[in-house]
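Data first, discussion second: the structure below is written as structure tokens.
The values are calculated or read from the model by the stated rules, or taken from the named source; none is laboratory data. Quick caveat, the model's predicted, so the values are computed rather than measured. Heads up, the Cβs are rebuilt from the backbone with ideal geometry, glycines too, and the neighbour counts pull from every protein chain shown. Note: areas computed on protein heavy atoms with side chains; ligands, DNA, RNA excluded. Shrake-Rupley method; radii C 1.70, N 1.55, O 1.52, S 1.80 Å.
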Amino acid sequence: QDSGNDAADFALLPTPTPSAANRTQAADEPPAAPAGTVRFSELLPNPVGADTEGEFIELVNDAASAVSLDGWQLADAAGGAYTFEATAVNAGGYLTLPRSTSGLALDNTGAEVLSLRRPDDSVADTVRYPSPAPEGQAYARGTGNRWAWTLTPTPGAANLSVRANQPPRAALDAP
């Protein structure tokens, strides 16, 4: 479906795929976590008001059963980390971690990279969001593992893709 916004409808791919299906991962995105696991779902790095009050990181469990996160770790590009203790995510459930719980301050002005690591230090998922982070917008995983800014943060619930209106672009041809 054509949204009328080429930046939203197309992505620069890292590898050409002549005579084959396109790989939809953009060149600057880390690989998406496979379905059937705990992975990042949504981030709110720049809430309206105080960041200390409104920032959150949300995880989703796509597995068919609950997953214990004991010993799992969230880490950011600045070297901050949060280790889970006595925490589980129900099958199909969401876990929202406010900044006051995780202690991780999400970057508003520089590109941020977050990783979710299992107790054996293997990476379960990674997400990188572009800067600057628009105030009041969440960075959310949508269909096809595509991430986008949305006007409607949905902590603890399925993501909604509500994008800001983009002004039309005029193309003029002058002699």
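Tabulated data for the structure shown
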item	result
Ala157-Ser65 FRET efficiency (beta carbon distance; Förster radius 22 Å; 0.05 resolution)	0.60
Segments 78-88, 44-54 sorted - mean Cβ within 10 Å per residue, highest first	44-54, 78-88
Förster radius 35 Å - calculated FRET efficiency between Val48 and Val123, Cβ distance, rounded to 0.05	0.65
Arg128 accessible area, assembled protein chains, probe 1.4 Å, Å²	100 Å²
Table column - 3J(HN,Hα) (Hz), the range 82-99, Karplus curve with 6.51, -1.76, 1.60, x for Gly and Pro	10, 9, 6, 9, 6, 10, 9, 10, 5, 4, x, x, 10, 10, 9, 10, x, 4
Contact order relative to length of the range 31-162, as percent, for alpha carbon pairs under 8 angstrom and 6 or more apart	27 percent
Förster radius 30 Å - calculated FRET efficiency between Thr37 and Glu135 (Cβ-Cβ, nearest 0.05)	0.45
